[in-house]
Structures are given as C-alpha cells and as structure tokens.
1. Among the listed residues VAL47, VAL56, VAL23, VAL39, identify the single one that is on the phi < 0 side of the Ramachandran plot and either in contact with a Ser or Thr (Cβ under 8 Å, 6 or more places away or on another chain) or aromatic (Phe, Trp, Tyr) (or both).
2. What are the residues in region 62-77 that are part of a helix (DSSP H, G or I) and of a type in the set (Gly, Ala, Ser), if any?
3. Output the qualifying pairs, or none if there are none: Cβ atoms under 8 angstrom, residues six or more apart or on different chains, first residue in region 58-77 and in contact (Cβ under 8 Å) with a residue 12 or more places away in the chain and under 18 Å from CYS46 (Cα atoms), second residue charged (D, E, K, R) and in a helix (DSSP H, G or I).
4. Out of (1) assigned to a helix (DSSP H, G or I); (2) under 12 Å from the mean Cα position of the chain (by Cα), the odd one out for ASP42 is which?
5. Take the residues in region 14-28 that are more than 8 Å from ligand 1 (Cβ to nearest atom) and not hydrophobic (A, V, I, L, M, F, W, C), then tell me which one is nearest to PHE75 (Cα to Cα).
6. Take the residues in region 29-45 that are of a type in the set (Asp, Glu) and exposed (fewer than 15 other Cβ atoms within 10 Å of the Cβ); name whichever of them is farthest from ligand 1 (Cβ to nearest atom).
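The values are calculated or read from the model by the stated rules, or taken from the named source; none is laboratory data. Because the structure is a prediction, the values reported are computed rather than measured. All Cβ positions, even for glycine, are placed from backbone atoms using ideal geometry, and neighbour counts span all protein chains on display.
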Amino acid sequence: MAYVITQPCVNEKSGECVSICPVDCIEEGEDQFFIDPNVCIDCGACVAACPVEAIVDENDLTPENESFLEKAESFFA
Ligand code: SF4
Ligand code: SF4
C-alpha cells in the first residue's frame, strides 16, 4: 500500500510535500510529483502539506485516479 499523487498536482507542482516526507520518497517528474510506492511507509504526513489535496491513500483512489498509481510505478521503474 502507498499514498498516490493525483490530478490536482499536475501543473501545480508546489513541492511542499517533498520536505515533509520522512523517507524522502517524493520526486519531481515532468508534469507532476510522484511518490515511490515501494518506499512510502504510509505515514500520511504529506497529505496535509498539499494545498490542492492531490495526495490520497491508494485504497481511496477513485476510478479516474487509478492510472496515477501506474504512472508513479512507471516513473520509478
Ligand atoms: S504538495 Fe501537492 S501539489 Fe505540491 S508537489 Fe506535492 S502533491 Fe503536488
Ligand atoms: S505517506 Fe509518508 S512516507 Fe508516504 S509519501 Fe507521504 S510523507 Fe512520504
């Protein structure tokens, strides 16, 4: 399980989440930031740091946001 950065981050990319993460698993991609699902410890600390509520629990992903987990996995592959 992991947290996933979704649509609102695209083109927002404010970056507040990066310094909050205790395991340093959030990296900047071309159009959004990504959480490495293999490193994320599910602490949830980044959720409140995001001003556009882009970060969600993997288990709470809506159908239209499910592709963002695959996008993150591809980014770190
Ligand atoms: S804080 Fe939110 S909008 Fe900013 S980079 Fe992180 S996920 Fe994206
Ligand atoms: S849930 Fe915790 S470990 Fe996972 S990305 Fe957010 S701050 Fe980092």
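1. Working: VAL47 fails: either in contact with a Ser or Thr (Cβ under 8 Å, 6 or more places away or on another chain) or aromatic (Phe, Trp, Tyr) (or both); VAL23 fails: either in contact with a Ser or Thr (Cβ under 8 Å, 6 or more places away or on another chain) or aromatic (Phe, Trp, Tyr) (or both); VAL39 fails: either in contact with a Ser or Thr (Cβ under 8 Å, 6 or more places away or on another chain) or aromatic (Phe, Trp, Tyr) (or both).
Matching residue, one of VAL47, VAL56, VAL23, VAL39: VAL56.
2. The first filter runs over region 62-77 and keeps only residues part of a helix (DSSP H, G or I), leaving 63-65, 67-76.
Result: SER67, ALA72, SER74.
3. Taking only residues 6 or more apart or on different chains, the pairs are LEU69/GLU58.
4. ASP42 satisfies every listed condition except (1).
5. From region 14-28, those more than 8 Å from ligand 1 (Cβ to nearest atom) are 19-25, 27; that's our starting set.
If we keep only those that are not hydrophobic (A, V, I, L, M, F, W, C) as well, we get 19, 22, 24, 27.
Working: SER19: 19, PRO22: 20, ASP24: 15, GLU27: 9 Å.
Among residues in region 14-28 that are more than 8 Å from ligand 1 (Cβ to nearest atom) and not hydrophobic (A, V, I, L, M, F, W, C), the one nearest to PHE75 (Cα to Cα) is GLU27.
6. Taking region 29-45 as the starting set, the residues that turn out to be of a type in the set (Asp, Glu) are 30-31, 36, 42.
Still in the list and also exposed (fewer than 15 other Cβ atoms within 10 Å of the Cβ): 30-31, 42.
Values: GLU30: 13, ASP31: 10, ASP42: 16 Å.
My answer is ASP42.
Rundown of residues vs (1) small (Gly, Ala, Ser); (2) closer than 11 Å to GLN7 by Cα, yes/no style:
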position: PRO22; (1), (2): no, no
position: GLN32; (1), (2): no, yes
position: ILE41; (1), (2): no, no
position: PRO63; (1), (2): no, no
position: SER67; (1), (2): yes, yes
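To keep it simple, each residue is scored yes or no on (1) more than 11 Å from the chain's Cα centre (by Cα); (2) part of a loop (DSSP other than H, G, I, E, B); (3) at pLDDT below 95; (4) surrounded by 13 or more Cβ atoms within 10 Å (Cβ to Cβ).
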| position | (1), (2), (3), (4) |
| --- | --- |
| PRO8 | no, no, no, yes |
| ASN11 | yes, yes, yes, no |
| SER14 | yes, yes, yes, yes |
| ASP24 | yes, yes, no, no |
| GLU27 | no, no, no, yes |
| VAL47 | no, no, no, yes |
| GLU53 | no, yes, no, no |
